[in-house]
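The values are calculated or read from the model by the stated rules, or taken from the named source; none is laboratory data. Just so it is clear, the model here is predicted, and its values are computed rather than measured. Neighbour counts run over all protein chains shown; Cβ positions are idealised from the backbone, glycine included. Areas reflect the complete protein model, heavy atoms only, side chains present, ligands, DNA and RNA absent. Shrake-Rupley method; radii C 1.70, N 1.55, O 1.52, S 1.80 Å.
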Amino acid sequence: MSAPTPAAKTERLLNLVICLLYTRQPLSKQRIRQAVPQYGSASSDEAFDRMFERDKDELRDLGIPLRIEVVDPLFDDETGYRIDRREYALPDIHFEPDELAVLGLASRTWQQASLAGPAASALRKLEAADVQRDEGTLVGLEPRVRTAEPAFPAMKDAALARRQVDFGYRKPDGTVGRRRLQPWTVTNWHGRWYVAGFDLDREAPRVFRLGRVDGAVKTVGKPDAYEVPADHDPIAMIQGSEVEREPQPAILHVRTGSGNALRRRARTAGEVDDTWTQIDIDYTDTEIFAEQIVGYGPAVRVIQPADLRDAVIRRLRAILEPDRTTEQER
């Protein structure tokens, strides 16, 4: 039997971590074998045992806090495994502006990695087995169509070159205005991209969400036109700018068998026909919610309100834009 490729081994270890983070209660070896797709393909019980023991050692070597506990307090003859997310979480780490720029590019590359399929399979198996989920441990693991923000490349290049930019920016109420900015950093926070810098019109530091940039980003002037403050902290700026409005209602049609995360958040749900379910759901930010909806592709349709539907359509058109450009060049 040939040895697994590094990518296959990494995928298996990732699925094991997902499995052990997912559960509140320790999982027995047999339930782990059923949940992790690669373990199910083991040729025998002995092969699975050897693979699992190696993987446990790998996780410990990586510093992942794998805990061994009794599955049932009334019967101490069966042990189980889980990862305590409080021990697993990293403390706050602070980086210099140039380090943040490099890490931002690295995180963008990682987000494009295609590991969602096997991970989703593991999650479905855990749900089918009625494993009690530890809420909040797997934010962002539901399969999504990951698309780079159209404004990202130009804004990132301008920040690295320290060049002024001019761009349209869509406010939460849907209106668009022009902004002139000296970008300092482009940062990913809670799955969303932001640019922080000095707003030349307001003569003060400001943060802008890249998902709200409307149209092309235009660079102005020469490189190295300004300096980034030595004490610049983009995360602190982003946190200080996040002000959520009151929840707004939306009506969505969700295809049968899809959008389980949306269904769980819904206030009401009713069958439209054999294919679609109508749900009433609240949201606080149009642009963020539009990003989530786009991730479900054709499985979710926005019925109301109009500004949310327009935000989804705008993103879908941005995704198709490279294809249209290619066709025109031909």
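Under 5 Å from the amide H of Gln164 lie the amide H atoms of Val220, each residue being 5 or more positions distant or on a separate chain, with H modelled from the backbone and absent for Pro and chain starts. Heavy-atom surface analysis with a 1.4 Å probe gives segment 248-320 a carbon and sulfur content of 51 percent of its accessible area.
Carbon-plus-sulfur accessible fraction, segment 151-244 (probe radius 1.4 Å, protein heavy atoms only): 48%. Measuring nothing but alpha carbons in segment 248-320 and taking Rh as the Kirkwood radius, the Rg to Rh ratio lands at 0.94. Per residue, segment 248-320 exposes an accessible area of 49 Å² to a 1.4 Å probe, with every protein chain left in place. In loop segments of segment 213-266 as defined by DSSP, the trypsin sites (Lys or Arg not before Pro) with at most 15 further C-beta atoms inside 10 Å of their C-beta are Arg245.
Once backbone amide H atoms are built at 1.01 Å from N, Gln25 has Gln132 as its partners under 5 Å, excluding neighbours fewer than 5 places away on the same chain. Between amide H atoms placed 1.01 Å from N, distances below 5 Å from Ile303 occur with Ile251, Leu252, His253, all of them 5 or more places distant or on a separate chain.
Phi angles of segment 213-226 translate, via the Karplus equation with coefficients 6.51, -1.76, 1.60 and θ = phi - 60°, into HN-Hα couplings of 5, 10, x, 6, 9, 9, 8, 10, x, 9, x, 6, 7, 7 Hz per residue; Gly and Pro are given as x. Accessible-area rank, largest first, for Ser28, Ser43, Ser241: Ser43, Ser241, Ser28, with all protein chains present and a 1.4 angstrom probe.
On a per residue basis, segment 10-55 carries 42 Å² of accessible surface, using protein heavy atoms and a 1.4 Å probe.
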